[in-house]
Amino acid sequence: MRYPTVDQIRSAEQSTGLLDNGVLMGRAAHGLASAILNDLRASGGVYGRRAGLIVGSGDNGGDALYAGAILARRGVAVSALLLAPERAHHGGLAAFRAARGRVVRGFETTSGPLDVVVDGVVGIGGNGPLRPDAASAFAAAAADSPDARVVAVDLPSGVDADTGVVHDPAVRADLTVTFGVPRRAHVLAAPQCGRIVVVDIGLDEVPDDAGVTTLASLSDAEVGARWPIPGPTDDKYRQGVVGIVAGSAAYPGAALLCTGAAVAATSGMTRYAGPAASAVVARYPEVVVADEPGPVAGSGASGTDVAVAGSGASGTDVAVAGSAASGPAVTVAGKVQAWVVGPGFGTGEAALARLRTVLAADVPVLVDADGITLLARHRDLLAARSAPTLLTPHAGEFARLTGEPLAADRVGAVAACAADLGATVLLKGRATLIASPPGDVDGGAVLVNEAGSSWAATAGSGDALSGIVGALLATGLRPALAAAMGARAHSVAAHIAAGSPGAPIGASALVTAISDAIRLLRSKAG
């Protein structure tokens, strides 16, 4: 699914030729009224229920007033508070009054509490927080009718349509009814929007614009259809071998969570190199571990006999080691098609040596956590990379990489970071964003995964995400696709682990649910 900008949506609306004659507004109003009626039916019926409209000027207010007229004709007692009476939509207000809707100065004049409050203030044209008069109206409605459902027309007022920035104050909706196509804020600020209903109003397809970063998401069915499964003659090497360099004495759990997630994500092979080898193999005996120091591996410049090598296609033999002069060595001998490096492995000289060696391998590398902190100090390590690199920072790590706080425009920020570093970047969050560098097959687009909840916001969850995505990288998937699919499986696993109606989970529970998440995603592929 694609999420166009406000300008792209307005262009598509104009191209229909139906904007000036009110046809689109009529379709929008009927869709809005239908969604509100369905919501009322789900909570006890329609006739005699009470709805309050908070109406601004312009088309958003017109949609609300026309919908209010339809509700009134269906037996709903509808009142409207006009924030700018002299600039209220003329046709909408006339229709509302003709249907015997009431214009009020405050909802305290209505007979009893409201069942629904409709936000028809600004919609996608809004910029900045609610103005004082609108904020006061919503506060008064909430005080008088605390149980009322809040329905936003197009977008909750106070939320930026393109960036998803939630200003203070802003409306928090239980239901958002939008028209034609979803807006970017619906996925970037999903908790503020509540349940989203998209009404078909006959918009033409919204075209891409040159110079505008495309924002898109993968459906569960698309993820399930693309998930790598063993072919009739595949062996473990053809299915992908991922190497994990994670964990330390302080954070041994990072190794277990990352490795366990990789084991669950694909059916090839997982190798582990690090200080937690005994714990890893005790928990996951199928993992191949190597915890003994070995020869220093690297390029000819290091004066070594063992080359760091590998091919994403064939998984050639690889030896990875840290310099004995820089700290404990990490050695893995065998076929590796992708590496994951960084979760919980420290930020000292020994960790830096491991990171240098892994990044010298000519296979895809995912860098997470402590590895990102080190990269922020040693960005030159990316310069010599020819194979794909995927970075998975949270907001704090992202700020270290870029040298400045995360901007309000997260889509623009992650795209700029990917371009600057020449790497695919996965920015973690409730809405996880994935951007590829220019020139990459996925360059120019940002993929988004809206988790649907915050159950995955728990210590160690990021280690598990790295394991899933790293395993997918080892199968040969492009970095952006592996990242988007892994993020979706990660969030579905969190939902499964939390259960219904939901309970707090630890990252270990999330890892345990990964296989069930993949089964669920594949079942939706048809």
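The values are calculated or read from the model by the stated rules, or taken from the named source; none is laboratory data. All values reported here derive from a predicted model rather than from experimental measurement. So basically every Cβ, Gly included, is an ideal-geometry build from the backbone, and we count neighbours across all protein chains shown.
Please determine whether any residue of segment 51-59 is closer than 22 Å to residue 140 by Cβ, surrounded by fewer than 19 Cβ atoms within 10 Å (Cβ to Cβ), without any contact (Cβ under 8 Å) to a residue 24 or more places away in the chain and not hydrophobic (A, V, I, L, M, F, W, C).
no
Could you tell me which of the residues 137, 95, 99 is touching a strand residue (DSSP E or B) at 6+ places or on another chain (Cβ under 6 Å) and in contact (Cβ under 8 Å) with a residue 24 or more places away in the chain?
Going through 137, 95, 99 in turn, the sole match is 137.
Which pairs do you get when a residue that is closer than 19 Å to residue 163 by Cα, found in segment 390-408, comes within reach of a residue that is in a loop (DSSP other than H, G, I, E, B), reach meaning Cβ atoms under 6 angstrom, with the pair 6+ apart or on two chains?
Close Cβ pairs (under 6 Å, with a partner that is in a loop (DSSP other than H, G, I, E, B)) amount to 394/428; 395/406; 398/406; 399/405; 399/406; 408/163; 408/165.
For segment 256-292, which residues satisfy the criterion of being in contact with a helix residue (DSSP H, G or I) (Cβ under 6 Å, 6 or more places away or on another chain), modelled with pLDDT under 95 and under 20 Å from residue 517 (Cβ atoms)?
266
Being in a loop (DSSP other than H, G, I, E, B) and touching a residue at least 12 places away in the same chain (Cβ under 8 Å) is the filter; apply it to segment 20-43 and report the residue that is surrounded by the most Cβ atoms within 10 Å (Cβ to Cβ).
Filtering segment 20-43 for residues that are in a loop (DSSP other than H, G, I, E, B) and touching a residue at least 12 places away in the same chain (Cβ under 8 Å), the one surrounded by the most Cβ atoms within 10 Å (Cβ to Cβ) comes out as 22.
Yes or no, residue by residue, for (1) of a type outside the set (A, V, I, L, M); (2) modelled with pLDDT under 95; (3) more than 34 Å from the chain's Cα centre (by Cα); (4) within 20 Å of residue 465 (Cβ to Cβ):
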residue	(1), (2), (3), (4)
327	yes, yes, yes, no
333	no, yes, yes, no
340	no, no, no, yes
343	yes, no, no, yes
356	yes, no, no, no
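Which residue pairs have Cβ atoms under 8 Å apart, sit 6 or more places apart or on different chains, and have a first residue in segment 496-513 that is farther than 15 Å from residue 265 by Cβ and among the β-branched types (Val, Ile, Thr) and a second that is modelled with pLDDT under 95 and surrounded by 12 or more Cβ atoms within 10 Å (Cβ to Cβ)?
none
Pick out the one residue from 469, 492, 448, 441 that is modelled with pLDDT under 95 and either surrounded by fewer than 24 Cβ atoms within 10 Å (Cβ to Cβ) or not in a loop (DSSP other than H, G, I, E, B) (or both). Don't jump to the end; show me each part of the working.
Details: 469 fails: modelled with pLDDT under 95; 492 fails: modelled with pLDDT under 95; 448 fails: modelled with pLDDT under 95.
Step by step, each of 469, 492, 448, 441 is checked, and only 441 is modelled with pLDDT under 95 and either surrounded by fewer than 24 Cβ atoms within 10 Å (Cβ to Cβ) or not in a loop (DSSP other than H, G, I, E, B) (or both).
Is at least one residue of segment 428-437 farther than 21 Å from residue 1 by Cβ and either part of a helix (DSSP H, G or I) or not hydroxyl-bearing (Ser, Thr, Tyr) (or both)?
Checked against the condition, which is being farther than 21 Å from residue 1 by Cβ and either part of a helix (DSSP H, G or I) or not hydroxyl-bearing (Ser, Thr, Tyr) (or both), segment 428-437 yields at least one hit.
Filter segment 366-386 down to the residues that are buried (at least 16 other Cβ atoms within 10 Å of the Cβ) and either under 16 Å from residue 339 (Cα atoms) or of a type in the set (Asp, Glu) (or both) and list them by number.
Hits for segment 366-386 are 366, 367, 368, 369, 370, 371, 372, 375, 381, 382, 385.
Taking only pairs six or more apart or across chains, which ones have beta-carbon atoms under 6 Å, a first residue in segment 452-467 that is more than 20 Å from residue 499 (Cβ to Cβ), and a second residue that is among the hydrophobic types (A, V, I, L, M, F, W, C) and part of a helix (DSSP H, G or I)?
Qualifying pairs under 6 Å: 463/254; 463/257; 463/258; 466/258; 467/258; 467/261; 467/262.
For segment 9-19, does any single residue satisfy the condition of being touching a helix residue (DSSP H, G or I) at 6+ places or on another chain (Cβ under 6 Å), free of Cβ contacts under 8 Å to residues at least 60 places away in the same chain and more than 18 Å from residue 134 (Cα to Cα)?
yes
Go through segment 334-404 and tell me which strands (runs of 3 or more DSSP E), entirely inside it, have 1 or more residues that are among the small types (Gly, Ala, Ser) and within 19 Å of residue 424 (Cβ to Cβ).
Answer list for segment 334-404: 338-341.
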